[in-house]
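The values are calculated or read from the model by the stated rules, or taken from the named source; none is laboratory data. As the structure is a computational prediction, the values presented were derived from the model and not from experiment. Here Cβ is always computed from backbone atoms with ideal geometry, including for glycine, and neighbour counts include all displayed protein chains. These area figures cover heavy atoms from the full protein model, side chains too; ligands, DNA and RNA do not enter into them. Shrake-Rupley method; radii C 1.70, N 1.55, O 1.52, S 1.80 Å.
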Amino acid sequence: MIIRKIEIKDSEKFLNMLKQLDNETTNMMWEPGERKTTIEEMDSNINNICNSKSLRLVAEDKGDIIGFLSSERGFAKKISHRAYIVIGILRDYRGKKIGVNLFEELQKWALENRITRLELTVMEHNEGAIKLYEKMGFKKEGLKENSLIVDGKYVAEYYMGKII
């Protein structure tokens with residue numbers, strides 16, 4: 001298994017992995033069939049990430065992309081010290097330290113790029129993800145009530161943050 005920065009050549013495999021995640025879990029933003037992104041749009045998205053001060057890592061196993069971590073750096077000077085994190089790992093690869101490895105690479109990048117605050121949101125019932133985030137040093141900072149509608153029900157999300 002390899003953790004590396006995403007490249008334009010990854011567009012189709014990355015998009016397919018995202019669509020698989022959409023079908024495997026309700027803990028990500030998109031519902032099955034809702035993602036309409038084309039390969040060309042993904043090419044543009046990846047190109048923008050690669051040419052920005054943000055980061056997208058992929059976890060690759062035997063040539064397949066099986067997970068990712070995106071870190072979007074604050075766009076304005078006042079928030080340029082922080083980054084918002086999104087992570088997803090395919091079901092068959094969870095519990096194999098891939099999330100830990102992605103966060104370790106994120107930590108290196110953050111230190112090299114003067115990022116001093118990492119932040120994310122997570123559904124309050126997603127105990128596996130919360131456990132990983134706490135293991136990686138994140139703390140719950142607040143609760144967003146009725147933040148999402150999942151399967152017709154309101155779901156709250158925790159704000160979580162980590163100071164580096």
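Once amide H atoms are placed 1.01 Å from N in the peptide plane, what residues at a sequence separation of 5 or more from V150, or on another chain, have their amide H within under 5 Å of its amide H?
Those qualifying (amide H under 5 Å, at least 5 residues apart or on another chain) are V155.
If Y154, Y93, Y159 are ordered by their accessible area, calculated over protein heavy atoms with a 1.4 Å probe, which sequence runs from highest to lowest?
Descending accessible area places them as Y154, Y159, Y93.
What accessible area, in Å² to the nearest ten, does a 1.4 Å probe give for L143?
Result for L143: roughly 80 Å² accessible.
Of H125, H81, which has the most accessible area and how do the rest follow, probe 1.4 Å?
Ranking H125, H81 by accessible area, largest first, yields H125, H81.
Counting helices only, and only those DSSP H runs with n ≥ 4, report the 222 nm mean residue ellipticity of the chain as the sum of -39,500 (n - 2.57) divided by its residues, in deg cm²/dmol to the nearest 500. Kindly include the intermediate steps, with their values, before the conclusion.
Values: 4 runs with 50 residues, N = 164.
It lands at -9500 deg cm²/dmol.
Based on the Kirkwood radius over alpha-carbon pairs, what value in µm²/s does the Stokes-Einstein equation return for the translational diffusion coefficient of segment 4-130 at 25 °C and 0.890 mPa s?
161
List the lysines whose Cα sits under 16 Å from the Cα of K139, skipping any in the same chain fewer than 8 residues away.
Straight-distance partners of K139: K131, K162.
Test of the criteria: in segment 1-82, which chymotrypsin sites (Phe, Trp or Tyr not before Pro) are in a DSSP loop and have at most 13 other Cβ atoms within 10 angstrom of their Cβ?
Sparse-neighbourhood loop chymotrypsin sites (Phe, Trp or Tyr not before Pro): F75.
How much net charge surrounds E157 when only the other residues with a Cβ under 11 Å from the Cβ of E157 are counted, with Lys and Arg +1 and Asp and Glu -1?
Value of the local net charge: 0.
Once the other residues with Cβ under 13 Å from the Cβ of W109 are scored (Lys, Arg +1; Asp, Glu -1), what is the net sum?
That works out to +3.
Return the whole-Å distance between the Cα centroid of segment 1-46 and the Cα centroid of segment 111-152.
After rounding, the separation between the Cα centres reads 21 Å.
Give the range of the longest stretch in the chain that excludes all trypsin sites (Lys or Arg not before Pro) found in loop regions by DSSP and having at most 15 other beta-carbon atoms within 10 Å.
Details: sites that count: R35, K36, K53, K62, K96, K97, R114.
It works out to 115-164.
Within the chain, what whole-number % of the accessible surface is contributed by carbon and sulfur, with the 1.4 Å probe and all protein chains included in the calculation?
Summing carbon and sulfur atoms, their accessible area is 48 percent of the total for the chain.
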